[in-house]
Amino acid sequence: MTGALGHHTPSNEEVAAAQSNMLLGVKLGILSEAMLFGALFAAYFVIRSDGPGWPPVSGFERPELVLPGINTLLLVSSSVTMQFAVWAIRAADVSRMRLFLRFTILLGSVFILIQGYEFANNGFGLDSGTFGSTFYILTGFHGAHVLVGLGLMSIMATRARRGLVSGQHHTGLEATSYYWHFVDVVWLFLFSTLYVL
């Protein structure tokens, strides 16, 4: 269909196809990130299996479980609130979507603050041998992904405040939710690998 000035007005099918393609692109991007994290985990386990013990330095303790346990609870909860935001916008309830999105941003921000506190008080650093370097590479890389997710959610919150997110136009929020759920799942693997095993 063509408007008065010769501009093409996309049909519903074209809009749906564009939204589907965007979400497919996000899924493929997440797949590439999963491969990157997979390589980091593989490197960690190879280094760990080559060491005489883990942590490899005598008297060197792994971090306590309290703060990472709280962070795990925060990220799992944030995944739930993010999904509630998606369900709310699918039902065209923008105010509930914005509320749940704010909760998600808050939970993710507290996660980052706790992780920063943990980094400052761990008692070891990047220079603390293979355990320290692999620990900070894995958790730091994940923390960077959390910050990206918080940035994406902030953009979505701003767009929603300006009336640019609705029951018909919420592909960006769906894409952001895919990314955030991925970040949460990666943390569960990190928590299990670095703190529990």
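The values are calculated or read from the model by the stated rules, or taken from the named source; none is laboratory data. A quick note: this is a predicted structure, and the numbers were derived from the prediction, not measured. Note that each Cβ is placed from the backbone with ideal geometry, even for glycine, and that neighbours are counted across all protein chains shown. Surface areas here come from the heavy atoms of the whole protein model, side chains and all, with no ligands, DNA or RNA. Shrake-Rupley method; radii C 1.70, N 1.55, O 1.52, S 1.80 Å.
Scanning segment 70-91 for residues that are over 23 Å from Val165 (Cβ atoms), surrounded by fewer than 20 Cβ atoms within 10 Å (Cβ to Cβ) and in contact (Cβ under 8 Å) with a residue 60 or more places away in the chain yields Thr72, Val76. Per the conditions (1) on the phi < 0 side of the Ramachandran plot; (2) part of a loop (DSSP other than H, G, I, E, B); (3) open to solvent by 50 Å² or more (accessible area, probe 1.4 Å), the sole criterion not satisfied by Gly163 is (1).
In the list Gly132, Gly143, which residue meets the criterion of being free of Cβ contacts under 8 Å to residues at least 24 places away in the same chain and open to solvent by less than 30 Å² (accessible area, probe 1.4 Å)? I'd like the intermediate steps shown before the answer.
Details: Gly143 fails: free of Cβ contacts under 8 Å to residues at least 24 places away in the same chain.
That would be Gly132, the only listed residue that is free of Cβ contacts under 8 Å to residues at least 24 places away in the same chain and open to solvent by less than 30 Å² (accessible area, probe 1.4 Å).
If you check Phe119, Phe111, which single one turns out to be out of contact with any His (no Cβ under 6 Å at 6 or more places or on another chain) and either open to solvent by 40 Å² or more (accessible area, probe 1.4 Å) or among the basic types (Lys, Arg) (or both)? Walk me through how you get there before you give the answer.
Values: Phe111 fails: either open to solvent by 40 Å² or more (accessible area, probe 1.4 Å) or among the basic types (Lys, Arg) (or both).
Checking each option against the conditions leaves just Phe119.
For the structure I just gave you, tell me whether Phe189 is over 13 Å from Met97 (Cβ atoms), open to solvent by 60 Å² or more (accessible area, probe 1.4 Å) and either assigned to a helix (DSSP H, G or I) or without any contact (Cβ under 8 Å) to a residue 40 or more places away in the chain (or both). Spelling it out, Phe189 is indeed over 13 Å from Met97 (Cβ atoms), open to solvent by 60 Å² or more (accessible area, probe 1.4 Å) and either assigned to a helix (DSSP H, G or I) or without any contact (Cβ under 8 Å) to a residue 40 or more places away in the chain (or both).
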